[in-house]
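Take a look at the structure below.
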Amino acid sequence: MFDNIVKKFGFINTLEGYSYLALLFIAMPMKYIFGYPLAVKIVGMTHGILFILFCILLLQAWEKTNWSLKENILFFVASLIPFGTFYTKNRIKAYE
């Protein structure tokens, strides 16, 4: 069970990170430069769902693995920073 939660968290972490980058660097320019607001609606909704899953799996992984509060805060803050996913991904590999 432990490995399963950590692997799910790592997978969603990666997807959420890529969706964030797609939102910032693809969808937002399409909206504001090319006048195509539908891109932000689609990518934004996808990113929002993945972010909620990320938060749920972070809490589940914290419960199962007994990560420190500091570690969880770093995981959460890294998810808010572009390219922060790579920090989290490397840290998660230590737990797999």
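The values are calculated or read from the model by the stated rules, or taken from the named source; none is laboratory data. What you see is a predicted model, and the numbers here were worked out from it, not measured in a lab. Every residue, glycine among them, receives a Cβ derived from its backbone with ideal geometry; neighbour counts consider all protein chains shown.
What pairs come out if I take residues in segment 67-96 that are over 14 Å from residue 12 (Cα atoms) and pair them with residues that are surrounded by 10 or more Cβ atoms within 10 Å (Cβ to Cβ) and modelled with pLDDT under 80 whose C-beta lies under 7 Å away, six or more apart or interchain?
As it stands, the answer is 96/3, since those pairs meet every condition given.
Here are 24, 59: which of them is in a helix (DSSP H, G or I) and closer than 19 Å to residue 86 by Cα?
On inspection, the qualifying residue turns out to be 24.
What is the residue count in segment 29-68 for residues that are more than 18 Å from the chain's Cα centre (by Cα), aliphatic (A, V, I, L, M) and loosely packed, with under 13 Cβ neighbours inside 10 Å?
Of the residues in segment 29-68, 2 are more than 18 Å from the chain's Cα centre (by Cα), aliphatic (A, V, I, L, M) and loosely packed, with under 13 Cβ neighbours inside 10 Å.
Kindly indicate whether residue 56 is free of Cβ contacts under 8 Å to residues at least 40 places away in the same chain and either of a type in the set (Lys, Arg) or under 14 Å from residue 11 (Cβ atoms) (or both).
Criteria met by residue 56.
Out of all the residues in segment 45-60, which are under 11 Å from residue 19 (Cα atoms) and touching a helix residue (DSSP H, G or I) at 6+ places or on another chain (Cβ under 6 Å)?
46, 47, 50, 51
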